[in-house]
Amino acid sequence: AVATRKRKLFSPKLFAGVGFTSYRSGHSFIPGEGNIDYGQAAALTYGVELEFIFPFDNNKWSCNLEPSTILYRSSGKNSQGTDVPIEYNTVNIMLWFRYTSFLNEKVKLCFNGGAGKDVKQLKMIPALGAGLAYSRFMLEYRYFYEKGVLNGYFDQSQGASFTNMSLVAKVSLF
């Protein structure tokens, strides 16, 4: 018989991290607004993860609700050569599903899939992640991708793209 892991069913965590974010506005009929490449810039993030661990399959599956912030600042040049700054500050609410592989009692690998909702936008943003945890600490890599997520917020162009990959450090509260 397989031994069942005795674990808690709720695990809150605090986290902070840095995202490597890029934004490119799409094509626009408004002069000076379209085709601006803002390049890649660091975007700070912090928040809380509320993990609900399912009590089956040796507690390997969980669902995570995660409100967090994102702050992205950059600048790019428009077609007339004018420097155009951008600042995007928002709250993101993620819903993750996680599979955990226990390597031993203190070390585990985590694989995430889910979607997030930027409170300023209508679209859901798909995301993938993987992490390594030791005791109460976790380091996690995430990748988000969504074309056109900022359309109507910064510009009215078509074909814009916003990408974000993050590295976050987490600590369990108890």
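The values are calculated or read from the model by the stated rules, or taken from the named source; none is laboratory data. These numbers come from a predicted model, not from an experiment. FYI the Cβ positions are ideal-geometry reconstructions off the backbone, even for glycines, and counts take in every protein chain you see. Remember, those area values only see protein heavy atoms, side chains included, never the ligands or the DNA or RNA. Shrake-Rupley method; radii C 1.70, N 1.55, O 1.52, S 1.80 Å.
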Residue check for GLU105: in contact (Cβ under 8 Å) with a residue 40 or more places away in the chain and of a type in the set (D, E, K, R): no
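Residues are listed down the side, and each one gets a yes or a no for (1) over 23 Å from PHE20 (Cα atoms); (2) in contact with a strand residue (DSSP E or B) (Cβ under 6 Å, 6 or more places away or on another chain); (3) of a type in the set (D, E, K, R):
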{"residue": "ALA41", "(1), (2), (3)": "no, yes, no"}
{"residue": "LEU44", "(1), (2), (3)": "no, yes, no"}
{"residue": "SER75", "(1), (2), (3)": "no, yes, no"}
{"residue": "GLU87", "(1), (2), (3)": "no, yes, yes"}
{"residue": "MET94", "(1), (2), (3)": "no, yes, no"}
{"residue": "TYR99", "(1), (2), (3)": "yes, yes, no"}
{"residue": "VAL107", "(1), (2), (3)": "yes, yes, no"}
{"residue": "ALA130", "(1), (2), (3)": "no, yes, no"}
Can you work out which of the residues in the range 25-44 that are under 30 Å from MET94 (Cβ atoms) and open to solvent by 90 Å² or more (accessible area, probe 1.4 Å) is modelled with the lowest pLDDT? GLN40
Among residues of the range 65-107, those that are basic (Lys, Arg) and either within 16 Å of THR163 (Cα to Cα) or at pLDDT 95 or above (or both), counted: 2
Candidate set from the range 45-103 (those that are of a type in the set (Lys, Arg) and over 22 Å from GLN121 (Cα atoms)); member that is least open to solvent (accessible area, probe 1.4 Å): ARG98
Going by what's in this entry, would ASN112 be described as open to solvent by less than 70 Å² (accessible area, probe 1.4 Å), out of contact with any helix residue (DSSP H, G or I) (no Cβ under 8 Å at 6 or more places or on another chain) and polar (S, T, N, Q)? yes
